[in-house]
Amino acid sequence: MEAETGIDESIRYDFQNHIDSLNTAPEWWIQYKQDAFDSYMDLPLPRRSDENWRFANRSDLDVERSYAFDGESSLADRSKLEQASQFTETQSGSYVFADNQLVSANHAPQELQDKGVIWCSISEAIERHGDLLKDYFMKQDVDLGSEKFAQLHSAFVTNGILLYIPKGVEIDAPFCAYNWASTPNGAIFPHTLVIAEEFSSVRLVEAHLSDGEDAALSCGVTHLFAGIGAKINYTHVQNFNEQTLGFQINSNIAGKDSQVEMNSVILGCRHYRSETHGQVKGSGAHVDMRSMALTDAGQEIDQRTLQTHSAPNTTSNLLFKNALKEQSKTIFSGLIKVDEGAQQTDAYQTNRNLLLSSNAEANSLPGLEIEANDVKCSHGATTSEIEDEEIFYMLARGIPREAAQELIVYGFFEEVLSQIADETLAERTRELIRAKFRG
Amino acid sequence: MTTAASQIDIDRDKGDFKYEESHKYDAGYGLTEKTIDYICDVKGEDDWIRDFRKRALKVFESKAMPTHWATKDLDNIVFDNIRYYLAGDKQAKKSWDDVPDEVKETFERLGIPENERKFLAGVEAQFDSEAAYSNIKEAVAKDGVIFMGSTEGLMKHPELFKKWFGKVIPTGDNKFSALNSAVFSGGSFIYVPPGVKVSHPLQAYFRINAENFGQFERTLIIADEGSEVTYMEGCTAPKFDTATLHSAVVELVAMPGAKIEYITVQNWSSNVFNLVTKRAVAHENSVVKWIDCNIGSRLTMKYPGVVLKGRKARGEVMSIALANDGQHQDTGAKMIHAADETTSNVISKSISVGKGRSTYRGQVHMPKHLKGCKNNTECDALLINSDSRTDTYPAITVRGDQNYVQHEASVSKVSAEQIFYMQQRGLSEAEAMSLSVNGFVNDLTRQFPMEYSVELKRLIELEMEGSVG
Amino acid sequence: MSASLEIKNLNVNIGDKRIIKDFNLSIPKGEVHAIMGPNGTGKSTLAKALAGHPDYEIVSGDALVDGESLLDLEVDERSRSGLFLAFQYPMEIPGVSIANFIRAARNARLPDGEELNAPAFYKELYEKMDMLKIDRKFTSRSVNEGFSGGEKKRCEILQMAMLNPRYAILDETDSGLDIDALKVVSDGVNALRGPGLGALVITHYQRLLNYIVPDQVHVMYDGRIVKSGDKDLALELESKGYDWIKEIADDAA
């Protein structure tokens, strides 16, 4: 529409520049991007009547008007970011990106490479692992409302990581990916693709961070594939500044007898939209989805989840906890979907909202769609303030009111944080929460 | 167990009958301004009502079907194939003797027992569009309670009627409230004066007995300060080949300190689209309780609501839904908190049998500046067969000070162990299943008024008797 | 100024209802006093009102710790001034470990900018847990969450031991305890007895006073103390029953 009227065609120029910059990329990749861009242009912005956008702020979704997609970066100090990208004690490998560009890379130990482990950037994967990408890149459906933004991601994605674990390889120390946004009104497109083959086991930590206080756009996608009996443990820490607009589209496919664990810690962004689809596809599979968010002035954290059970004897468990300060807003919209024939499914969904201010607003839409009868499914949602008696008990021990509130909030999040396997990462996360809580 | 479960089928014999149709007034098929003129002329309505209806028609035409969130089955309603106004006789009957024999026979077949009639403080039963029978107990009238058909209420008590009519549910609330506002006829009007406590429930039975015929009752109940009233509405309908449409609007007003209990047994035949808007306004210290039981119809969409407008007002919805093959019970509750220290409670139980689908939709809203409000919602779904379906879609928004909201939902099946245990005691599988289902709803039905409990139990037993087959 | 917890002509309301009526009591530092009385007589109200619970309105009178009035202090300030309340029903605090909770309370007692010495803190904590026969694994458990009745009460006494109050009020600490747990809790309290602590033990049953032997016993009825005496008063009360107190109270009125 806009292209026809000539009002705003800058995204077309940005896209052309982006394509021109990919001069060494294979033809299929260029074509893939071209198709994605066309789809992006064709798809409408979310409308008021879209159930997937109920209660959501849609006023800032027309991202073309506010952000540049040309890939220009004002990043000056790379070593500073490299220093700040240390969330875990040990690691099997790490990548640091800023404004979609590679800042530093720690490759996987030779021993793992010899076993066939692939740990590389997406730009490297395009050159060297095209067949893997053709099979797995953006191959999971995006169906929770951000279809248009997923196409935007595909059109402009340049970096992120590919992690491939061959059959039977078990790795203890986590792989780490750090994505920084640095340029004012810039856009980043972090991509994370994990493929865990039969009976392999792997951990991945991803952090999304801001360098400075300027507004930026982040549009990220994380796809996890767990093969038969595989284990994937994924922790995502989002600590952008509070000017950032963020989209995060997550999906996983859990094969037979596999286990997938996804933990999210959400602190930053002015407006953050995250979508997580747990696809429990193989019998005996188990998926955990956990999240905690601490929000303050003006923030809107909008989370949509789907737990799909399409095979019998599967389990999933979701726990999303939000603590809201000041005039902030959260939306939790979750659905458990049990397909016909997916008998002996156990699926649970819990949303807890703790209001710390009378100006905060918590929206909760916990849903169930059940088409099999031999199942155990339940959901629970509560929204409340801190109980007076709880505060009184702490005051009676001489703990000042503010400190008491703080302790209770940290305690509230522990149910999620205690599940983070890496103790250093958990501690780092607690520090970020403390820093944010104290403003 | 699956084999026994698959035998469960709802016996609708009680509703599978119909009588010769003879309608003195018939507005014909389809809906235009002419239809409205016909209705107004026949009923002898004032111009303000004619204008009101015509405005509503425009709103109805301008509104899209809510299929972006509701079932696509709504698209199967062909509005041009529906007759919007039929009436057997214009005047409401004054006594039981004046009621035509065939109508009496209908009541007989509906199985309203003689001894229960004794309970009825007044009967307002509707046969097709107009009230065919109206009998207000002397005692009720003596206390100044007005209980009559809404058409009569509109004529005789315009000052009361106009003050609240369309205020709780505005015409444009949704497509079907607009449709009702355009073509409404029938339904009840009740006014209970301050301090009057109506000791027995006021009852009305409704029937549809015409093919392709839509019914559009409009009920308005006003309980003045400190008064109390219980109203019971029950329906069965004969089975037809083509779909019929039922779209009622029910508005309740509970003035300060008043109590209203509104009880529904819905048992339309399984070709009826039942799209109902029910809402109450609850003023200070008042209590509104909706008890809603949905057993029949092809598709029911109904979400009784309470706008809690006065301090310490309380709203309750207790509902039971039973969905069998080809049925979709899409029900729920809306609790809009609009004053401090208001409380609401929603308990919903649904049973899906065969390919039946039951859906719960809920809305709880607590805006800014409110203090000390509480909501509790519990939804339990029971799935009988392997291809039965249930959905739950609540929407909860909480702001303000010291407000507390809790929502819980669970899905379960009849436990095989339980069935085995009962079979070991000599019950058949189907009997055991029936007992289990009754057990599932029992903690809710126990809280219902005795008369309603009896009615409901009979209906559920009837449903489950068919399953023993 | 006298070193004592002094309650003078205290009147306390819940809503419009007077619960504590012209109540007077003085507990010199170093002594243990017990208050006994039938249910609903105002014992717990007295405890919570002294701690500053917002539901209880102090209509008139005063309560002083070593000559300083408590009434203008906030709940936490009262605690830091040296008044400890062992709750009848301790609250559960999900996600907050006992160690972190007590650390926060100790930190609040340090001057601004001063940090708690963590190794010394843990050494002290473990010693006191050993004394109260609390398994060290408990330090990382959330405060009172999933605790048995006895564990909750031991956790209260542990907090008391760690916070070194000048005056402690034990509100029905014996309720819900079996005899073994009662002994452990009593031993803990007895270990803390000394010239630096004044204690008020509130109980419904004489049993507790076999283990925590009081210097004085007061009988409370209808919001007032109606009789005081030495520890033998508790035994007399146990044998004669609370009806006897009713008679005394009625005679006095």
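The values are calculated or read from the model by the stated rules, or taken from the named source; none is laboratory data. It should be emphasised that the depicted structure is a prediction, and the values quoted were computed from it without experimental measurement. Cβ placement follows ideal geometry from the backbone for every residue including glycine, while neighbour counts extend to all protein chains displayed.
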Within segment A:105-124, can you find the residues that are under 22 Å from the mean Cα position of the chain (by Cα) and surrounded by fewer than 22 Cβ atoms within 10 Å (Cβ to Cβ)?
A:ALA105, A:ILE118, A:CYS120, A:SER121, A:SER123
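Table: residues versus (1) more than 23 Å from C:LYS153 (Cα to Cα); (2) modelled with pLDDT under 95; (3) part of a loop (DSSP other than H, G, I, E, B).
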site	(1), (2), (3)
C:ALA34	no, no, no
C:HIS53	no, yes, yes
C:LEU64	yes, no, no
C:ASP76	no, yes, no
For segment C:46-57, give me each residue that is surrounded by fewer than 22 Cβ atoms within 10 Å (Cβ to Cβ) and away from chain A (no Cβ under 13 Å).
C:GLU57
Listed by first then second residue, the pairs whose first member lies in segment C:81-105 and is facing chain A (nearest Cβ under 9 Å) and over 15 Å from C:LEU163 (Cα atoms), whose partner is of a type in the set (A, V, I, L, M) and in a strand (DSSP E or B), with beta carbons under 9 Å and at least 6 positions apart or on separate chains, are C:PRO90/C:VAL143; C:MET91/C:VAL143; C:GLU92/C:VAL143; C:ILE93/C:VAL143; C:PRO94/C:VAL143; C:VAL96/C:VAL143; C:SER97/C:VAL143
Pick from A:SER384, A:SER333: which is within 27 Å of A:SER418 (Cβ to Cβ) and more than 7 Å from every other protein chain (Cβ to nearest Cβ)?
A:SER333
Determine which member of the set A:ALA297, A:ALA342 is under 23 Å from the mean Cα position of the chain (by Cα) and not in a strand (DSSP E or B).
A:ALA297
Take the residues of segment C:106-116 that are free of Cβ contacts under 8 Å to residues at least 40 places away in the same chain and surrounded by 12 or more Cβ atoms within 10 Å (Cβ to Cβ): which is nearest to C:GLY82 (Cα to Cα)?
C:ALA108
B:THR397: within 13 Å of chain A (Cβ to nearest Cβ) and either closer than 28 Å to B:THR277 by Cβ or modelled with pLDDT of 95 or more (or both), yes or no?
yes
Taking the criterion of being part of a helix (DSSP H, G or I), farther than 27 Å from A:TYR178 by Cα and away from chain B (no Cβ under 14 Å), would at least one residue in segment A:42-55 satisfy it?
yes
Is it the case that A:ASN373 is over 28 Å from the mean Cα position of the chain (by Cα), free of Cβ contacts under 8 Å to residues at least 60 places away in the same chain and away from chain C (no Cβ under 13 Å)?
yes
Going through segment C:118-169 in order, the residues found to be out of contact with any strand residue (DSSP E or B) (no Cβ under 8 Å at 6 or more places or on another chain), surrounded by 11 or more Cβ atoms within 10 Å (Cβ to Cβ) and not in a helix (DSSP H, G or I) are C:LEU132, C:LYS133, C:ILE134, C:PHE147, C:SER148, C:ASN164
Would you check if there is a residue in segment A:296-313 being within 17 Å of A:GLY246 (Cα to Cα) and modelled with pLDDT under 95?
yes
Identity of the residue in segment B:413-439, crowded, with 17+ Cβ neighbours inside 10 Å and at the interface with another protein chain (Cβ under 9 Å from one of its Cβ atoms), that ends up modelled with the highest pLDDT:
B:LYS413
From the list A:ILE420, A:ILE408, A:ILE391, A:ILE399, exactly one residue is at the interface with chain C (Cβ under 8 Å from one of its Cβ atoms), in contact with a helix residue (DSSP H, G or I) (Cβ under 9 Å, 6 or more places away or on another chain) and either acidic (Asp, Glu) or touching a residue at least 12 places away in the same chain (Cβ under 8 Å) (or both). Which is it?
A:ILE408
Sort out for me the strands (runs of 3 or more DSSP E) sitting completely within segment B:308-356 that have 1 or more residues that are out of contact with any helix residue (DSSP H, G or I) (no Cβ under 9 Å at 6 or more places or on another chain) and farther than 25 Å from B:ALA381 by Cβ.
B:314-323, B:328-337
Looking at A:ARG352 and the list (1) at the interface with another protein chain (Cβ under 8 Å from one of its Cβ atoms); (2) touching a Lys or Arg at 6+ places or on another chain (Cβ under 9 Å); (3) on the phi < 0 side of the Ramachandran plot, which single condition is not satisfied?
(1)
Reported set for segment A:125-145 where residues are within 18 Å of the chain's Cα centre (by Cα) and of a type in the set (Asp, Glu) is A:ASP141, A:ASP143
